[in-house]
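Beneath this line is the structure, given in structure tokens, with notes to follow.
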Amino acid sequence: EVFGNSPVALWTCLLPFAKSAPAQGGFLVSGKFSWGSGSSIATWVLVTESLPDREDGQWFRSYVISKSDVSIVPDSWQVLGLKGTSSADYVIDQAFVPRHRSFEYPLFDAAGEYPISTLESASYHQIGMAAFASGVARRAVSELVSVAGGVRRMKASSSQAEDEAIQQGLG
């Protein structure tokens with residue numbers, strides 16, 4: 001459903017700002033979030049909420065939500081030098097998330113006792129943080145392609161656009 005049909009970009013907020021209410025077959029999720037790096041090119045977002053303590057520890061639940069259920073706040077994140085990250089604030093208002101697109105995990109490292117621990121969860125959030133690198137790379141490739149026709153290597157007889165090494169690297 002999320003990763004099986006086409007290339008997927010996913011962004012995330014590492015802070016547990018989501019709130020949910022039970023719904024038949026899943027949850028209604030809401031929240032206000034920041035640092036939506038890569039949200040302009042991503043199709044999904046991963047958000048997290050704090051759950052009540054249990055089993056002597058803090059627990060969390062994360063939700064994978066379609067971008068169609070998210071309202072991006074335009075021009076909300078203006079940080080010098082980071083425009084290429086496509087970061088933005090965003091709001092989720094009563095998005096239905098089926099139970100199979102959520103998972104719970106404890107704050108502590110459960111050493112295999114539970115399906116996922118906080119340490120393992122951090123690696124899932126890295127998927128969303130990769131959106132930052134994807135945005136930077138996308139812009140770098142775009143800039144190279146836009147100037148390659150008019151730029152030559154020193155003492156080269158052709159432009160970078162005609163250079164096999166440049167073409168191979170872009171491929």
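The values are calculated or read from the model by the stated rules, or taken from the named source; none is laboratory data. The structure presented is a predicted model; accordingly, all values stated were derived computationally and were not measured. In this analysis, Cβ positions are derived from the backbone assuming ideal geometry, glycine residues included, and neighbour counts consider all displayed protein chains. Note: areas computed on protein heavy atoms with side chains; ligands, DNA, RNA excluded. Shrake-Rupley method; radii C 1.70, N 1.55, O 1.52, S 1.80 Å.
Of the residues screened, residue 55 is not one that is farther than 24 Å from residue 139 by Cα, open to solvent by 70 Å² or more (accessible area, probe 1.4 Å) and under 19 Å from the mean Cα position of the chain (by Cα). The residue pairs whose first member lies in segment 85-98 and is charged (D, E, K, R), whose second member is open to solvent by less than 40 Å² (accessible area, probe 1.4 Å) and at pLDDT 95 or above, and whose beta carbons are closer than 8 Å, counting only pairs six or more residues apart or on different chains, are 93/30. Listed by first and then second residue, the pairs linking a residue in segment 141-160 that is open to solvent by 70 Å² or more (accessible area, probe 1.4 Å) to a residue that is β-branched (Val, Ile, Thr) and assigned to a helix (DSSP H, G or I), with Cβ atoms under 6 Å apart and 6 or more places separating them unless they lie on different chains, form an empty list.
Looking across segment 32-49, the residues that are assigned to a strand (DSSP E or B) and either within 20 Å of residue 100 (Cα to Cα) or among the charged types (D, E, K, R) (or both) come down to 32, 44, 45, 46, 47, 48, 49. The set of residues from segment 124-165 being modelled with pLDDT under 80 and of a type in the set (Val, Ile, Thr) comprises 127, 136.
Results for (1) under 23 Å from residue 137 (Cα atoms); (2) part of a strand (DSSP E or B); (3) open to solvent by 50 Å² or more (accessible area, probe 1.4 Å); (4) among the small types (Gly, Ala, Ser), shown as yes or no for each residue.
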residue	(1), (2), (3), (4)
4	no, no, yes, yes
29	no, yes, no, no
51	no, yes, no, no
63	no, yes, no, no
68	no, no, yes, yes
87	yes, no, no, yes
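Of all residues in segment 6-27, those that are modelled with pLDDT of 85 or more, under 18 Å from residue 59 (Cβ atoms) and open to solvent by 50 Å² or more (accessible area, probe 1.4 Å) total 3.
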